[in-house]
Structures are given as C-alpha cells and as structure tokens.
Amino acid sequence: MDYNKKIKQRIIISAVYAILGIAITISANIFGDKVNGGYLYSLGCAFTISGAALLVKFIRIKRSPELMRKFEVSARDERNIMIADKARVYAFGAYSIGAATAIIICSIFYMQREALIVALNLCALVLLYVLFSIILHKKY
C-alpha cells in the first residue's frame with residue numbers, strides 16, 4: 001500500500017474539514033445563529049480546529065521520513081487495526097442504545113418532534129451501515 005498516497009488523501013480530507021468549519025462559522029456570523037441557539041457557530045469552530053490540527057499532523061508526517069515510517073508501522077499493526085475495528089463497533093452500539101433511550105424518554109415526556117429527529121437520525125445511521133455492508137461484501 002502506498003502510504004504517501006494515503007497521507008495525501010488525509011491531508012485533503014483535513015483541509016476540507018477546516019474549510020467547511022470556516023464556511024459554517026462565517027455563515028453563522030453573517031446570517032445570525034439565533035434559530036439554532038448558537039450551535040452552528042460552535043460546530044464551525046469545532047470543525048475548523050479539528051481540521052487544522054489534523055492538517056498540521058499529516059503535513060508533519062509527510063515531511064518527516066521517521067514519522068512516515070512510524071505511521072506505516074502503526075497502519076500495518078494488527079493490534080491497532082483490531083482496536084480501531086472494535087472502537088467502531090462499540091461506538092455504533094453505544095450510539096444506537098443512547099439514541100433508542102433518548103427516543104423513549106422524549107416520547108414519555110411528549111417531545112414528539114425531538115423523538116422523531118433522533119429516530120430518523122438512528123434510521124439513517126442503520127441505513128448507512130446496511131448500505132456500506134452491501135458495498136463491502138460485493139467488493140471483498
């Protein structure tokens with residue numbers, strides 16, 4: 001596997017996150033963020049900071065042969081791959097349980113709009129899981 005190509009892809013993705021964050025922050029400032037209670041401004045700042053931090057990290061890895069070697073070793077390490085896979089599985093499970101609990105609690109307190117939003121979010125996540133599962137089964 002070409003790790004230079006992988007690092008270039010991650011640099012591009014990080015730059016897109018940072019640019020998206022800047023765009024969200026600017027639009028929240030221009031159009032006002034009173035409708036969402038200031039959440040868009042916070043979301044934009046979070047995207048900008050995380051995108052910039054990842055961008056700096058991957059540029060440093062690309063420029064340093066020693067860091068590139070460490071990246072290659074960690075990317076090939078079976079233990080790291082297993083930990084990443086388990087973390088995704090646990091995150092998916094925890095989010096699903098949390099969302100289901102939120103739907104039940106919102107329904108009990110007659111917060112139907114909020115329950116619907118969380119339910120649709122959970123359905124979209126499960127739909128994405130099924131879609132990617134089908135695609136990956138065909139690919140591998």
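Of Leu67, Leu120, Leu131, Leu136, which residue is out of contact with any Phe, Trp or Tyr (no Cβ under 9 Å at 6 or more places or on another chain), outside the structural domain of Gln9 (by TED's automatic domain parsing) and at pLDDT below 95?
Checking each option against the conditions leaves just Leu136.
Just to check your reading of the model, which residue among Leu128, Leu136 is among the aliphatic types (A, V, I, L, M), more than 16 Å from the chain's Cα centre (by Cα), part of a helix (DSSP H, G or I) and surrounded by fewer than 13 Cβ atoms within 10 Å (Cβ to Cβ)?
The conditions single out Leu136.
Against the condition under 18 Å from the mean Cα position of the chain (by Cα), closer than 30 Å to Lys5 by Cβ and in the same structural domain as Val16 (by TED's automatic domain parsing), how does Ile83 come out, does it pass?
The answer is no for Ile83.
Of the residues Tyr110, Tyr90, which is without any contact (Cβ under 8 Å) to a residue 24 or more places away in the chain, under 28 Å from Asn121 (Cα atoms) and not in a helix (DSSP H, G or I)?
Answer to the check: Tyr110.
Could you check Lys62 against (1) within 30 Å of Ser133 (Cα to Cα); (2) touching a residue at least 40 places away in the same chain (Cβ under 8 Å); (3) charged (D, E, K, R) and say which number it fails?
(1)
Residues to consider are Gly44, Gly51; find the one that is assigned by TED's automatic domain parsing to the domain that holds Tyr3, touching a Gly at 6+ places or on another chain (Cβ under 7 Å), modelled with pLDDT under 95 and surrounded by 10 or more Cβ atoms within 10 Å (Cβ to Cβ).
Every option except Gly44 fails the conditions.
Would you confirm whether or not region 26-40 contains a residue that is assigned to a helix (DSSP H, G or I) and closer than 30 Å to Asp77 by Cα?
no
Would you tally the residues in region 74-83 being without any contact (Cβ under 8 Å) to a residue 24 or more places away in the chain, in a helix (DSSP H, G or I) and either hydroxyl-bearing (Ser, Thr, Tyr) or surrounded by 10 or more Cβ atoms within 10 Å (Cβ to Cβ) (or both)?
Within region 74-83, residues that are without any contact (Cβ under 8 Å) to a residue 24 or more places away in the chain, in a helix (DSSP H, G or I) and either hydroxyl-bearing (Ser, Thr, Tyr) or surrounded by 10 or more Cβ atoms within 10 Å (Cβ to Cβ) (or both) number 6.
The values are calculated or read from the model by the stated rules, or taken from the named source; none is laboratory data. All values derive from a computational prediction rather than experimental measurement. No Cβ is skipped: glycine too gets one built from the backbone with ideal geometry, and neighbour counts run over all protein chains shown.
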